[in-house]
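The values are calculated or read from the model by the stated rules, or taken from the named source; none is laboratory data. In this text the structure is predicted, and so the values were computed from the model without any measurement. Here the Cβ positions follow ideal geometry from the backbone for every residue, glycine too, while neighbour counts run over all protein chains shown. Only protein heavy atoms, including side chains, enter the accessible area calculation; ligands, DNA and RNA are left aside. Shrake-Rupley method; radii C 1.70, N 1.55, O 1.52, S 1.80 Å.
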Amino acid sequence: MKIGLDVMGGDYAPDATIEGAVLAKPYLTNGDQIVLIGDGSVIHTKLANLGENPEKYQIIHTSQVIGMAEKPLKAISTKTDSSISVGFRLLKNRKIHAFSSAGNSGAALVGAMYSVGSIPGVIRPTTIAHIPQEKGGDSIILDIGTNPDSKPDVLYQFALLGSIYAQNILGIRQPRIGLLNIGEEEGKGNLQCQSAYQLMKDSKDFNFSGNIEGRDLFKSKVDVIVCDGFTGNIVLKQIEAMYRMMQKRNLLDDYFSRFNYENYGGSPILGVNGAAVIGHGISNAVAIKNLILLSKNIYEVKLATKIKRALHKYTH
């Protein structure tokens, strides 16, 4: 398979992205190839500096870069030869099988939507994050910022998408779904959460366990935590801030070390027609390595195909 990487995306690109590609290469199987998308001369120079043979990679030259602060829609529509735009076109045309970028996340989302498109039946594609659990393993939380305002039917679908991801990537046979709320009781929360609860409680599409409170995020009560992107983004950034504070004070143990974003690589875009993953803007080489391997895994388990099958009954 061919695994595309946006070489120009990220705060530490292109050094970190190319170093990450080199780190990922030993983990690939025969027949796998990393496709480096970006400024060709820069790529060749960086590979040479690392003692790498450029012929081991496919290199696709692009002449433009989308900056981290640029407006996503305008950038995608005007910078058609940027590494993000070209990467998603290659994914759409099946010239590559997976694509990942640690660049402008908004532009990556727009690129995914306008190039590979949403899976039929998906109301809104979503992004997820892993949350380490005290008793081992991970839960996932979604949405984490893609959809700040989410209606109850969208939250219901997030639960379905999260369940499919947990089954295929985390290996959980019957993932437990929890709705993030201010109390465990059925009648708790705002109208959004109350309505979503009513949709979810008798669902045959997934295993709904009820409401989950913020204090239980790390207690292995559920495998998939559902919330709107506004709430999810606040939760995620609070977790990141606590990790950095503990790291700074040398308070990390085996459990809290698992909160290092480098371990997870990035966030898959669930609900689009392809294996696309967004990396953290501050990704270093290790994070980029894991970003590449995550995109490979998502393609290999045919996650998009399984989502299509799950949503087939809603579109036919």
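Counting only residues that are surrounded by 24 or more Cβ atoms within 10 Å (Cβ to Cβ) and either without any contact (Cβ under 8 Å) to a residue 60 or more places away in the chain or part of a helix (DSSP H, G or I) (or both), how many does the stretch 270-286 have?
0
Collect the residues in the stretch 44-58 that are more than 24 Å from Leu90 (Cα to Cα) and open to solvent by 50 Å² or more (accessible area, probe 1.4 Å), keeping them in residue-number order.
Passing the criteria: Ala48, Asn49, Leu50, Gly51.
Looking at the stretch 135-179, which of the residues that are of a type in the set (Val, Ile, Thr) and part of a loop (DSSP other than H, G, I, E, B) is nearest to Gly210 (Cα to Cα)?
Result: Ile172.
Considering only residues that are open to solvent by 10 Å² or more (accessible area, probe 1.4 Å) and under 24 Å from Ser257 (Cβ atoms), which ones fall in the stretch 130-177?
His130, Glu134, Lys135, Gly136, Gly137, Asp138, Ile144, Ile169, Leu170, Gly171, Ile172
Which ones in the stretch 220-269 are of a type in the set (Ser, Thr, Tyr) and either open to solvent by 20 Å² or more (accessible area, probe 1.4 Å) or more than 27 Å from Ala304 (Cα to Cα) (or both)?
Ser220, Thr231, Tyr243, Tyr255, Ser257, Tyr261, Tyr264 - these are the residues of the stretch 220-269 that are of a type in the set (Ser, Thr, Tyr) and either open to solvent by 20 Å² or more (accessible area, probe 1.4 Å) or more than 27 Å from Ala304 (Cα to Cα) (or both).
Which of (1) within 21 Å of the chain's Cα centre (by Cα); (2) modelled with pLDDT of 90 or more is the odd one out, the single condition Tyr114 does not satisfy?
(2)
In this structure, does Ser295 turn out to be of a type in the set (Ser, Thr, Tyr), surrounded by 24 or more Cβ atoms within 10 Å (Cβ to Cβ) and part of a helix (DSSP H, G or I)?
Criteria met by Ser295.
Just one of the numbered conditions (1) open to solvent by less than 40 Å² (accessible area, probe 1.4 Å); (2) under 19 Å from Tyr12 (Cα atoms); (3) of a type in the set (Gly, Ala, Ser) is not true of Ser41; which one?
The failed condition is (1).
Considering only the stretch 155-163, I want to know if a residue exists there that is farther than 16 Å from Ile269 by Cα and modelled with pLDDT of 95 or more.
yes
Any idea how many residues of the stretch 180-192 are open to solvent by 40 Å² or more (accessible area, probe 1.4 Å) and part of a loop (DSSP other than H, G, I, E, B)?
Qualifying residue count for the region: 7.
Conditions tested, residue by residue: (1) in contact (Cβ under 8 Å) with a residue 60 or more places away in the chain; (2) not hydroxyl-bearing (Ser, Thr, Tyr).
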{"position": "Tyr156", "(1), (2)": "no, no"}
{"position": "Leu160", "(1), (2)": "yes, yes"}
{"position": "Gly171", "(1), (2)": "no, yes"}
{"position": "Leu179", "(1), (2)": "no, yes"}
{"position": "Asn233", "(1), (2)": "yes, yes"}
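Quick one: which residue in Ser118, Ser101 is more than 30 Å from Lys221 (Cα to Cα), surrounded by fewer than 17 Cβ atoms within 10 Å (Cβ to Cβ) and of a type in the set (Ser, Thr, Tyr)?
The unique qualifying residue is Ser118.
Answer yes if at least one residue in the stretch 9-26 is aliphatic (A, V, I, L, M), farther than 23 Å from Val301 by Cβ and open to solvent by 50 Å² or more (accessible area, probe 1.4 Å), and no otherwise.
Checked against the condition, which is being aliphatic (A, V, I, L, M), farther than 23 Å from Val301 by Cβ and open to solvent by 50 Å² or more (accessible area, probe 1.4 Å), the stretch 9-26 yields no hits at all.
Kindly list the number of the only condition in (1) open to solvent by less than 60 Å² (accessible area, probe 1.4 Å); (2) part of a helix (DSSP H, G or I) that fails for Ile34.
(2)
Starting from residues that are open to solvent by less than 40 Å² (accessible area, probe 1.4 Å) and either touching a helix residue (DSSP H, G or I) at 6+ places or on another chain (Cβ under 7 Å) or of a type in the set (Phe, Trp, Tyr) (or both), keep the ones in the stretch 193-204 and report whichever is nearest to Leu161 (Cα to Cα).
If we take residues in the stretch 193-204 being open to solvent by less than 40 Å² (accessible area, probe 1.4 Å) and either touching a helix residue (DSSP H, G or I) at 6+ places or on another chain (Cβ under 7 Å) or of a type in the set (Phe, Trp, Tyr) (or both), then Met200 is nearest to Leu161 (Cα to Cα).
Which number in (1) touching a strand residue (DSSP E or B) at 6+ places or on another chain (Cβ under 8 Å); (2) in a helix (DSSP H, G or I) marks the one condition that Lys308 misses?
(1)
Report yes if Phe208 is farther than 21 Å from Asn147 by Cα and modelled with pLDDT of 95 or more, otherwise no.
yes
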